[in-house]
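The values are calculated or read from the model by the stated rules, or taken from the named source; none is laboratory data. Because the structure is predicted, anything quoted here is derived from the model rather than measured. Every residue, glycine as well, gets a Cβ built from its backbone with ideal geometry; the counts of neighbours run over all protein chains shown. Just so you know, the surface numbers come from the protein's heavy atoms only, side chains and all, with ligands and any DNA or RNA stripped out. Shrake-Rupley method; radii C 1.70, N 1.55, O 1.52, S 1.80 Å.
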Amino acid sequence: MSSPWGHLASLNGPLAFHTLPSTHHTLGTAPTCDISLPTAATSISQHHCRLLLLGDMPCLENLSPHGTYVDGKHVEGATKVSLTNGAEIRLGGDTFFVFTNLLEDPKLGVFEGRVVGERYYVFGGYELGKGSFATVRLSVDLKTGERLACKVIQRGKGAREREREGRKPSSGTVIARETAILKNIMHPNLVQVKEVVRTEECVYLFLTRVTGGELFYYVQKHGGMEEHAAKFVFYQILLAVQYLHNLDITHRDLKLENILMESSNPFGRILVSDLGLAKMLGTSLSRMRTQCGTLTYVAPEVLASSGTGGDGYGKCVDCWSLGVLLYTMLSGTLPFGTDSDGQLLATRIKRAEYDLEGEEWERVSPEGKHLITSLLTHSPSARLTISGALSHPWITKRGDLLRLLYRKMIRRSPDAGRAEWVGREAARRDLVRLFDTGAY
Ligand code: ADP
Ligand code: MG
């Protein structure tokens, strides 16, 4: 076989790439290995593992008594496992590699990747996801070896010009402060921003990598969710939003696409993503709206005052979006229809026109429906608040069970325990100022 079927990016010390042209390649400390590792680590064997192409399936075969880790799973004995694109292969100690499957997309070599902020390698190949204004790629912290998600946001011409003209502060201290603030927003159910790197053209946000996919895909695939599963997922979303609202932060973009799952099981950890970006980038809500092309989750008061810049809404806009979320999770349908006809959608939202009729609603409890109507209440002042939602009977009736499940889940979750709020008060003051005044 001549053209390579894969690449291995070596993330030990200086970044290096190995191409994989043959049907099998051995890795280990022996000089006779195809990829020979000059390491003294005793946990790496002379012949540690083999990478194989079986048909068109890339595989790893363990050869070492210590075993090999593939995506965190311990492969022991003479076992073969398949390798997915972006798989992390760890040979004990700090020695590890990231695999790229070139058969999946031969044009996308890893050589397109680059080092950002002197410490992060952003893979150029495939995307982990694409949002309304960003592309999310796999990245690695070259210092710690941790795999991260890197959100790459092209900066608008306007933002760059404002910065140059001094209308938007760009000094190092401001950037450092913003970064510190984003990094200080810590909750087990919020995607953690680890670092922010800005260049003239792009903003790179380095985030905890979440591997279970979007809640959107789950709901789409299963045509909705069982009520008890939806309750556990929604409970976690409520906790994340409560945390933000207690800090006087409005999320503003709560939707199924922005809710990520740690595993494909709804009883795993849920992480709310996409926080604070609109403001950080100086992107007005109206611009985001046109870019998203969807009004589905937008509260009626936002539509009523469209064109006014869109920054003056209260936290209650999030509670409306939570109502849309819960409706969609429980029924697999959207309360106000799709945005194929934007005008019609807007009219329905402005009138809070939706129903809880039909077959899909027959199996939903009266409390579940009541919570939806309390959140999808037209008047912002009459709408249920986040603490109201958390003390709604739909939640409190099973409150003990939810808390118990949650504690168990957090213990199982690899890095949720780390998410302790650090320097709470000082950070809170900074946050309130920045998010409220839009000072940056
Ligand atoms: P946008 O602001 O453009 O909507 P998002 O932050 O929502 O961007 O990211 C776009 C998509 O990328 C998400 O819907 C998700 O599929 C994927 N993604 C985002 N963050 C992560 C992450 N931390 N780990 C894994 N995938 C992610
Ligand atoms: Mg998004």
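Worth pointing out:
- Solvent-accessible area assigned to carbon and sulfur over the stretch 348-394 amounts to 50 percent, based on a 1.4 Å probe.
- With the simple spin-label model, which puts each label point 7 Å out from Cα in the Cβ direction, the Asp341 to His228 separation comes to 4.1 nm.
- Over the stretch 6-109, accessible surface divided per residue gives 46 Å², non-protein components excluded, 1.4 Å probe.
- Database remark: amide H of Tyr120 closer than 5 angstrom to the amide H of Leu142 (H placed geometrically; neighbours at sequence offset of 5 or more, or on other chains; Pro and chain starts carry no H).
- When the alpha carbon gyration tensor of the stretch 324-373 is reduced to an equivalent ellipsoid, the three semi-axes, largest first, read 21, 11, 9 Å.
- Phi-based couplings in Hz for the stretch 332-343 (Karplus 6.51, -1.76, 1.60; Gly and Pro marked x): x, 10, 9, x, 10, x, 8, 9, 4, 10, x, 4
- Amide H contacts of Val75: Thr68, Tyr69, Val70, each under 5 Å away and 5 or more positions distant or on a separate chain (H built 1.01 Å from N in the peptide plane; Pro and chain starts excluded).
- log10 of Debye I(q)/I(0), alpha-carbon scatterers only, for the stretch 6-109 at 0.14, 0.17, 0.20 Å⁻¹: -0.46, -0.70, -1.00
- FRET efficiency, Thr19 to Thr135 (Cβ-Cβ, R0 41 Å, nearest 0.05): 0.95
- Cross-link pairs beyond the 24 Å C-alpha cut-off, checked among Lys130/Lys369; Lys255/Lys350; Lys73/Lys143; Lys130/Lys315; Lys369/Lys397; Lys221/Lys397: Lys130/Lys369; Lys130/Lys315; Lys221/Lys397
- Across the stretch 6-109, the mean sequence separation of Cα contacts (distance under 8 Å, 6 or more residues apart), normalised by length, yields a relative contact order of 24 percent.
- The amide H of Gly28, built 1.01 Å from its N in the peptide plane, has Ile35, Leu37, His48 as neighbours under 5 Å, considering only residues 5 or more places off or on other chains.
- Taking every DSSP bridge with both residues inside the stretch 6-109, close to 95 percent are antiparallel.
- At full extension, Arg403 and Tyr217 could sit 64.4 nm farther apart than now, given 0.36 nm per residue minus the alpha carbon distance.
- R0 of 45 Å, Cβ-Cβ distance Lys73-Thr396: FRET efficiency to nearest 0.05: 0.75
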